[in-house]
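Since the structure comes first, as structure tokens, the remarks are kept for the end.
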Ligand SMILES: NC(=O)c1ccc[n+]([C@@H]2O[C@H](COP(=O)([O-])OP(=O)(O)OC[C@H]3O[C@@H](n4cnc5c(N)ncnc54)[C@H](O)[C@@H]3O)[C@@H](O)[C@H]2O)c1
């Protein structure tokens, strides 16, 4: 209703632009923007993973009594209840998270991250705006300044991570041309199956919106 017509107007005004989608349901809205624009996947993608990763990193910093600057984390998958924090690759000051925090506490932080958007809405009565804006600004900087940063973004997958024909949150290299590379991490078996479950949930939403 909104994203489709607006995408049409963006395409007419700025045919060479890079389109960063923020509207929810994010993964499905990226699909709408890609279909309406007809642009290559390198120039149509979404913002969610940086925000979700920032929330996860904050909870880890609080739990471990560390600076959030020393937390390295990555949240993948759909932007919803089935997002997938990659715990196996999460470190605090280089130390694996699993050496610092027990499974139960990690699980609680994963769940709070997945429900982070709802928590903010309950507190503010509206969705977050500062953190999503700051996350989108990081993506814009990486593109405009050709920084080639690797950031978790919602990208169109064609076989990467065993997922085909779907927008999902994955690490990508962002430069002048938009997505320059989809980075494939070595996931643990549990993380790979969680990503697959997340893909199934996204596919269902996309299916509802296209029928
Ligand atoms: N990707 C993320 O991580 C993330 C984070 C926060 C919010 N969001 C999403 O971003 C979207 C906006 O959230 P918000 O809190 O800024 O909402 P909001 O209600 O504050 O703002 C929506 C804006 O859209 C405008 N609008 C409504 N209909 C329009 C139309 N037909 N054409 C043009 N403009 C129209 C409204 O005037 C308003 O300014 C929501 O879909 C929300 O779920 C995503």
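No lab work stands behind these numbers, since they all come straight from the coordinates. Fair warning: this is a prediction, and the values are worked out from it, not measured in the lab. FYI the Cβ positions are ideal-geometry reconstructions off the backbone, even for glycines, and counts take in every protein chain you see.
Note on residue 67/residue 134: beta-carbon distance plugged into 1/(1 + (r/R0)^6) with R0 of 22 Å gives a FRET efficiency of 0.80. Take every pair of alpha-carbon atoms less than 8 Å apart whose residues are at least six positions apart; their mean separation over the length of region 1-102 yields a relative contact order of 19 percent.
Round to the nearest 10 and give me the degree value, 0 to 90, for the angle of helix 3-13's Cα axis relative to the longest principal axis of the chain. Relative to the chain, helix 3-13 is tipped by roughly 60 degrees.
For the pair residue 190 and residue 104, the difference between a 0.36 nm per residue extended length and the Cα-Cα distance amounts to 29.4 nm.
Run the numbers for residue 10 and residue 41: contour at 0.36 nm per residue of separation, minus the present Cα-Cα distance, in nm. Intermediate results must be reported in sequence, preceding the final value.
Working: separation 31, 0.36 × 31 = 11.16 nm, distance 1.59 nm.
Here the answer is 9.6 nm.
Per-residue ellipticity at 222 nm from helix content only, as computed over the chain with -39500 (n - 2.57) for each DSSP H run of at least four residues, stands at -15000 deg cm²/dmol. So how tilted is helix 103-114 from the main axis of the chain? Cα-based, degrees 0 to 90, rounded to 10. So the inclination is approximately 30 degrees. The label-point distance for residue 127 and residue 200, in a model that sets each label 7 Å from Cα toward Cβ, rounds to 2.6 nm.
The long axis of helix 26-37 is offset from the longest Cα principal axis of the chain by roughly 20 degrees. Computing FRET efficiency as 1/(1 + (r/R0)^6) for residue 180 and residue 119, where r is the C-beta to C-beta distance and R0 is 30 Å, gives about 0.30.
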